[in-house]
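Read-outs throughout are calculated quantities, based only on the coordinates presented, and are distinct from any laboratory measurement. Source: prediction; values computed, not measured. When we count neighbours, we look across all protein chains shown, and the Cβ atoms used for this are built from the backbone with ideal geometry, even at glycine.
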Amino acid sequence: MAILEQLRRAIEEGHPGETESLTEEALARKIDPMQIVEEAMMPAMRSVGECYKNEDADILRILAAARSVRKGFELIEKRDKSFSQKSIGTVILGTVEGDLHDVGKNLVAIMFRSAGFRVIDLGVDISEKQFLRAVAKNPEVSIVCISSLLSTALPEMEQVVKALRRNDPEGKYKIMVGGGAVTRQIAESMGADAYTENCVEAAEVAKTFII
């Protein structure tokens, strides 16, 4: 569908205003909101994520694309109240204590919401107790996602993963980790269920835990 292809391109090129206009036009044409997300927004962010992974795009392009997706997604939620109420699962998300970086976390939050998750964003510098408290307050949680850009915060991340694991002996939720300081090997040694390199991959892996 031409309008969805135009929307995908607008997101990839990082044009929030154009993204909003095209999303509005798609909705006016009675295109299903989930079709807009799955056939335009997600493919666009996947493409940008791949470019970033292959060093064909910088963080500014990622941010511009993410802002564009957010504009379109907010419009969909505003126009279709039932869409914002639909949820395939609940994600608790936060940057670990000792780390104040939030760019990567915010991108992941956008992609989780676009994929249909309800996101509880705890923010940055989040302690073990805060993660555990959030899980206790939200027993329906499907995934806990922990981020860290700083290698100095990795010991704290490991403590959080271990505490969450002890808190959930029946395995009711999955633990995902990511961020510039984390590698797959580190994630496995911590006992996390998954590690992803970028925001698009994070949302796609998260969906495999639900479906």
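Structure data summary
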read-out: Fully extended contour minus Cα-Cα distance, from Q159 to K207, at 0.36 nm per residue; value: 14.7 nm
read-out: The range 53-211: equivalent-ellipsoid semi-axes (sqrt of 5 x gyration tensor eigenvalues, Cα, Å); value: 24, 20, 13
read-out: Whether the range 126-201 is rounded, prolate or oblate, judged on the alpha carbon gyration tensor where a/c under 1.5 counts as rounded; value: prolate
read-out: Cross-link partners of K30 among aspartates and glutamates (Cα-Cα below 12 Å; sequence separation of 8 or more within a chain); value: D80
read-out: Rounded tilt (10° steps) of 154-167 against the dominant C-alpha axis of the chain; value: 80 degrees
read-out: Order by protection proxy (mean Cβ within 10 Å, highest first), peptides 104-110, 169-175; value: 104-110, 169-175
read-out: Part-to-part distance (alpha-carbon centres) for the range 134-202 and the range 9-45, which is given in Å; value: 31 Å
read-out: Percent breakdown of C-alpha pair distances by 5 Å bin, ordered from the shortest bin, for the range 103-161; value: 4, 16, 27, 26, 19, 7, 1
